[in-house]
Amino acid sequence: MAEGLLLLPIPRRLEYFGGEIFLPENKLIILNSADPPSLRFTAQYVQQALQQVGVNWPIVAGKGVPAEQIGLTLSVVPGGARHPQGYELTITPAGISIVAGTPAGIFYAVQTLSQILNQQGNTLSLLRISDWPDFPHRGV
């Protein structure tokens, strides 16, 4: 895939690793959080975005899933980002990982992932994005 993604807002850091990953069927979206229900809406949003590119991944909560079954992990880790609404989105051959300090950070990362899916379909560039807002209240 081309490395010319158009992402809005423009992420603070975007690093391409070279190469791409095809999103297969039979993977899972993992909610890795002390409060999985706080990620449910966001997980359903990304699930719909994946379905639009022909990928249907069920949502599960917990850590007891074998690594080979994981397609996307949404992890809330206190202090996991520089800012409460910040996040790190990583796409590697092993799958997609989103780490944030709060559910809000996960939500904003999923917005970025949705833009990538809209532009690249089910074959994604290997990359890492780190982003956080300039101000605590987002707006135009």
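Structure data summary
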item	result
The stretch 33-58 residues that are over 17 Å from TYR87 (Cβ atoms), paired with ones that are open to solvent by 90 Å² or more (accessible area, probe 1.4 Å) and not aromatic (Phe, Trp, Tyr) (beta carbon under 8 Å, 6 or more apart)	GLN52/ASN118
Residue match in the stretch 90-101 (condition: polar (S, T, N, Q) and in contact with a helix residue (DSSP H, G or I) (Cβ under 7 Å, 6 or more places away or on another chain))	no
Qualifying residue in the stretch 65-79 (condition: in contact (Cβ under 8 Å) with a residue 24 or more places away in the chain, under 16 Å from SER114 (Cβ atoms), polar (S, T, N, Q) and open to solvent by less than 30 Å² (accessible area, probe 1.4 Å))	no
Selection from the stretch 30-48 of residues that are of a type in the set (Ser, Thr, Tyr) and either open to solvent by 80 Å² or more (accessible area, probe 1.4 Å) or in contact with a Gly (Cβ under 7 Å, 6 or more places away or on another chain) (or both)	TYR45
Wholly enclosed strands (runs of 3 or more DSSP E) of the stretch 15-110 bearing at least 3 residues of a type in the set (A, V, I, L, M)	28-32, 59-61, 70-76, 95-100
Test: ILE106 is open to solvent by less than 40 Å² (accessible area, probe 1.4 Å), of a type in the set (A, V, I, L, M), closer than 17 Å to PRO37 by Cα and in contact with a Leu (Cβ under 8 Å, 6 or more places away or on another chain)	yes
Scan of the stretch 114-138 for residues that are outside any strand (DSSP E or B) and more than 11 Å from LEU5 (Cα to Cα), ordered by number	SER114, GLY121, ASN122, TRP132, PRO133, ASP134, PHE135, PRO136, HIS137, ARG138
Lone unmet requirement of (1) hydrophobic (A, V, I, L, M, F, W, C); (2) in contact with a helix residue (DSSP H, G or I) (Cβ under 8 Å, 6 or more places away or on another chain); (3) in contact (Cβ under 8 Å) with a residue 60 or more places away in the chain for PHE22	(2)
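The values are calculated or read from the model by the stated rules, or taken from the named source; none is laboratory data. Since the model is a prediction, treat every value here as computed from it, not as a measurement. Because the Cβ atoms are built from the backbone with ideal geometry, glycine has one as well, and the counts that use them run over all protein chains shown. These accessible areas exclude ligands, DNA and RNA; they are computed on the full protein's heavy atoms, side chains included. Shrake-Rupley method; radii C 1.70, N 1.55, O 1.52, S 1.80 Å.
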